[in-house]
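First comes the structure, then the notes that go with it.
The values are calculated or read from the model by the stated rules, or taken from the named source; none is laboratory data. Predicted model, so just to flag it, every value in this text is computed and none were measured. Methodologically, a virtual Cβ is constructed for each residue, glycine included, from the backbone with ideal geometry; neighbour enumeration extends over all protein chains shown. Ligands, DNA and RNA are excluded from the accessible area calculation, which covers all protein heavy atoms including side chains. Shrake-Rupley method; radii C 1.70, N 1.55, O 1.52, S 1.80 Å.
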Amino acid sequence: WVIENSFPIIEKLTRINEKKNAKDISTYDFNTLYTKLQHDDLINNLNEMVDFVFCGGNVKKDGNRKFITVTSYATFWSKKKWGNNSFTRSQIKVLISHLIRETYFQIGNLSFKQCIGIPMGIDPAPFWANLHLYSYEYKFIKSLMRTDKRKAMKFRYATRFIDDECNLNDGGEFGRSFHLIYPEDLELKCEHQGSHATFLDLDVTVINGIFVYRLFDKRDNFPFFIVRMPDLSGNIPSHVFYGSVMSEFLRISRCTLLYSDFLPSAICLFKRMTNQGGTKTMILKQIAKAINRHPEPFSKFSKTTKQIMDDIATSE
């Protein structure tokens, strides 16, 4: 259910497209996630997560872990204490509770203690929110698998990136059930429902049983010019500039199903980077490098490397 980027979504879309079984897509957003988290509920759920991992998770043979050790180069489980770098289960719980409950703000000569919600600026906030929601989702699905496996299967294509939810082919089941999953104080807003939606960096449309997806960037709709991607006139090494070009071409290919959608985005990037100091020859080399090193995202276009490079280079 929990994802860190759009790649798992693309894998699910591909799996459904192989069967030509695309039906619907819906997306939701938590309106007041950080500001509405109840401290007691949050701490209880996080404590359950701490117990879960210290007991080995779903692999019980890895249970009875004594310490989690954090160094400057790694984090690992250990049976012995490594000075001040090692923490027991109870110490982790104390730290979590302290960070959540002991948050203060000063405005002028007034001091306020935060009694509900968590401050968005601190490092663990998104991870806490993610685990908090996950605990509700896990309990819901675990219970549903026992009582109604057919209904539980409707959530097999449910994904969530922190406070953004996406559901594929669930027939609106998430919309009918989210009040059973999460507490009432967490408000969910439906953003898209039906045959079209945008989620993360994807624009997805159902066409003849296929999820047709392409790269989505809301900055494209801004009514003003914004600086995007590095400029070679800046104080950066050239390899950083051209490396970002290669990465962006690769991202466009991964997030686009049809060549007819890929080509305009690739041409736009090609023109942008030449205007920002890159040479056409070097930029085309980055395209070739992206295709040769990562052929899989480009294979769906059924085009050779030369054809793709020629289509981009001759666009002017």
Checklist entry - Just to be sure, is Asn21 modelled with pLDDT of 90 or more, part of a loop (DSSP other than H, G, I, E, B) and within 28 Å of Lys189 (Cα to Cα)? => result yes
Checklist entry - If you check every pair at least six apart or on different chains, which have Cβ atoms under 7 Å apart with a residue in region 1-23 that is without any contact (Cβ under 8 Å) to a residue 24 or more places away in the chain and on the phi > 0 side of the Ramachandran plot first and a residue that is of a type in the set (Phe, Trp, Tyr) and surrounded by 14 or more Cβ atoms within 10 Å (Cβ to Cβ) second? => result none
Checklist entry - Is it fair to say Phe140 is farther than 27 Å from Asp164 by Cα, touching a helix residue (DSSP H, G or I) at 6+ places or on another chain (Cβ under 8 Å) and not charged (D, E, K, R)? => result no
Item to check | Subset of region 226-253 (residues that are open to solvent by 40 Å² or more (accessible area, probe 1.4 Å), over 21 Å from Ser299 (Cα atoms) and part of a helix (DSSP H, G or I)) | outcome: Ser238, His239, Val240
Item to check | Filtered residues of region 164-192 (kept if in a loop (DSSP other than H, G, I, E, B), open to solvent by 50 Å² or more (accessible area, probe 1.4 Å) and touching a residue at least 12 places away in the same chain (Cβ under 8 Å)) | outcome: Glu187
Item to check | Filter result for Ile236 (in contact with a helix residue (DSSP H, G or I) (Cβ under 6 Å, 6 or more places away or on another chain) and without any contact (Cβ under 8 Å) to a residue 60 or more places away in the chain) | outcome: no
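To keep it simple, each residue is scored yes or no on (1) touching an Asp or Glu at 6+ places or on another chain (Cβ under 7 Å); (2) of a type in the set (Gly, Ala, Ser); (3) closer than 30 Å to Ile283 by Cα.
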site: Phe127; (1), (2), (3): no, no, no
site: Asn130; (1), (2), (3): no, no, no
site: Lys149; (1), (2), (3): no, no, no
site: Arg160; (1), (2), (3): no, no, no
site: Cys166; (1), (2), (3): no, no, no
site: Gly171; (1), (2), (3): yes, yes, no
site: Thr205; (1), (2), (3): no, no, no
site: Tyr213; (1), (2), (3): yes, no, yes
site: Asn235; (1), (2), (3): no, no, yes
Item to check | Residue match in region 141-158 (condition: modelled with pLDDT under 90 and either loosely packed, with under 12 Cβ neighbours inside 10 Å or within 18 Å of the chain's Cα centre (by Cα) (or both)) | outcome: no
Checklist entry - Does region 239-258 contain any residue that is among the basic types (Lys, Arg), in contact with a His (Cβ under 9 Å, 6 or more places away or on another chain) and in contact (Cβ under 8 Å) with a residue 40 or more places away in the chain? => result yes
Next on the checklist: If the requirement is being polar (S, T, N, Q) and surrounded by fewer than 17 Cβ atoms within 10 Å (Cβ to Cβ), which of these qualifies: Thr274, Thr256?
Outcome noted: Thr274
Next on the checklist: Name the residue that is nearest to Arg15 (Cα to Cα), counting only residues in region 193-225 that are open to solvent by 40 Å² or more (accessible area, probe 1.4 Å) and assigned to a loop (DSSP other than H, G, I, E, B).
Outcome noted: Asn208
Checklist outcome for this item: Only one of Phe67, Phe7 is touching a Phe, Trp or Tyr at 6+ places or on another chain (Cβ under 7 Å) and either at pLDDT 95 or above or not basic (Lys, Arg) (or both), namely Phe67
